[in-house]
Amino acid sequence: MIRLSYASTTTHDWTPDELLTLLTECQTNNVANNITGILLYAHETFFQVLEGEEATVHKVYETIKKDKRHKDCTIIETLNIQERDFPYWSMGFEKIDATDLHNINGLNDFFEKDFTPSGFASHKNIVAPLLAHLRSKLIKQISTSTHEELPMTHEDPFIQFLHRTIRAGVKFMALLMVVVILFGIIDIVFVLYEKLSNPPIFELSINELLETFGAFMAVLIAIEIFLNITLYIRSDVIPVKLVVATALMAIARKIIVFDYKHLDPEYVSASALVVLALGITYWVIQKHD
C-alpha cells in the first residue's frame with residue numbers, strides 16, 4: 001500500500017453545502033476503491049491524503065487531478081506504508097482555521113503563510129505532525145460518538161444505576177478470568193512436566209501431544225474471552241470481530257483434539273461447516289476494516 005498526499009487550489013471559496021456534497025462524493029468513490037484518508041480545507045486550498053493499493057491510489061489521483069473545481073494539483077509526498085493512518089474513514093474531513101493549528105509544534109506559522117500547494121511542496125516536513133494531529137482528532141471524535149455497550153450516563157437514573165452495577169460486575173469477571181488464565185498456565189506446565197517425566201522420558205505420543213495442544217488452546221481461548229469481557233466497558237470498539245475470532249478459535253480447538261475413530265461423519269462435517277462460516281465471517285469483517 002501507499003499513502004499519497006497532495007494539495008490544490010480551489011477555483012472559488014467553497015460553501016459548507018458544497019464541501020458536504022464533495023465529501024459525500026469522495027466517500028462513495030473511495031469505498032468502491034477501498035481508499036481511506038483525510039480531506040482538509042482552508043484558505044481556498046485542499047490538502048488530501050489517499051491510502052490504499054498503489055495502482056488504485058494513482059488511478060484515483062489521476063481522476064481527481066482532472067476535476068475542474070480545483071487547479072495547481074501538486075503531489076506533496078508518496079510513501080510506502082504497512083498500515084493505514086485513517087483506517088476508519090473512507091474520507092475524513094476537516095475545515096480548519098488558525099486556532100486549530102496555532103499551538104501545534106511546527107505548524108503555528110505555516111498556516112498563516114504557506115497553506116498553499118507551493119507552501120506544502122516546500123515544507124514537506126510539516127506533513128507528519130499535521131497528519132498526527134488530524135488522526136488523533138478524528139480518533140477522539142469516533143471514540144466519543146460511537147456506541148457504548150453500558151453507558152455511564154442515562155436519562156433514567158435506575159438504568160444508569162444498573163449499568164454501573166453491571167460494569168462493576170464485568171470488572172470483577174475480568175479479574176476472575178485473569179485468575180483462570182494463570183491457573184491454565186500452571187496446568188500447562190504441570191501437564192508438560194507429567195508427560196515428559198514419565199517413562200519413556202522426553203517422549204510424547206500423538207494423544208499426549210493433542211492433550212498438550214488442548215491445554216494451550218484452552219488458555220488462548222481464556223485470553224480471548226478476557227479481551228471480550230473488557231471490551232464491554234470500552235466505548236471505542238465494537239467487539240464483533242473479536243467475538244467471531246473467539247468462536248473460531250474455540251471450534252478449532254475442538255477439531256484439533258477430535259478423536260475421529262469415535263465420531264460420526266455428520267458431526268465432523270457440521271464442525272467443518274461452522275469453521276467455514278466463521279472463517280468467511282471473519283474475512284468479511286477484516287476486509288471491511
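The values are calculated or read from the model by the stated rules, or taken from the named source; none is laboratory data. As the structure is a computational prediction, the values presented were derived from the model and not from experiment. Here the Cβ is made from the backbone with ideal geometry for all residues, glycine too, and neighbour counts use every protein chain on show.
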In the set 175, 150, which member is at pLDDT below 75, among the hydrophobic types (A, V, I, L, M, F, W, C) and either under 30 Å from residue 230 (Cβ atoms) or exposed (fewer than 13 other Cβ atoms within 10 Å of the Cβ) (or both)?
-> 150
Could you give me the residue pairs with C-beta distances under 9 Å whose first residue belongs to the stretch 124-136 and is in the same structural domain as residue 76 (by TED's automatic domain parsing), whose second residue is assigned to a helix (DSSP H, G or I) and modelled with pLDDT under 75 wherever it lies, and which are 6+ apart or on separate chains?
-> 126/110; 126/114; 130/101; 130/110; 133/100; 133/101
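Yes or no, residue by residue, for (1) of a type in the set (A, V, I, L, M, F, W, C); (2) surrounded by 14 or more Cβ atoms within 10 Å (Cβ to Cβ):
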residue: 10; (1), (2): no, yes
residue: 20; (1), (2): yes, no
residue: 27; (1), (2): no, yes
residue: 40; (1), (2): yes, yes
residue: 66; (1), (2): no, no
Within the stretch 156-207, considering residues that are in a helix (DSSP H, G or I) and among the charged types (D, E, K, R), the one nearest to residue 218 (Cα to Cα) | 187
Out of all the residues in the stretch 52-67, is one or more assigned to a strand (DSSP E or B) and of a type in the set (D, E, K, R)?
-> no
Condition set under 22 Å from the mean Cα position of the chain (by Cα) and touching a residue at least 24 places away in the same chain (Cβ under 8 Å), scope the stretch 260-287, selection surrounded by the most Cβ atoms within 10 Å (Cβ to Cβ): answer is 278
Just one of (1) exposed (fewer than 13 other Cβ atoms within 10 Å of the Cβ); (2) modelled with pLDDT of 80 or more trips up residue 156, so point out which.
-> (2)
With the condition kept exactly as written, say whether any residue in the stretch 47-58 is over 16 Å from residue 3 (Cβ atoms) and of a type in the set (Gly, Ala, Ser).
-> no
Collect the residues in the stretch 190-212 that are at pLDDT below 75 and exposed (fewer than 10 other Cβ atoms within 10 Å of the Cβ), keeping them in residue-number order.
-> 202, 206
Of the candidates 50, 20, 101, the one satisfying the condition of being modelled with pLDDT under 90, among the aliphatic types (A, V, I, L, M), under 20 Å from residue 133 (Cβ atoms) and assigned by TED's automatic domain parsing to the domain that holds residue 135 is 101
Do the conditions hold for residue 258, that is, is it more than 30 Å from residue 35 (Cα to Cα) and at pLDDT below 80?
-> yes
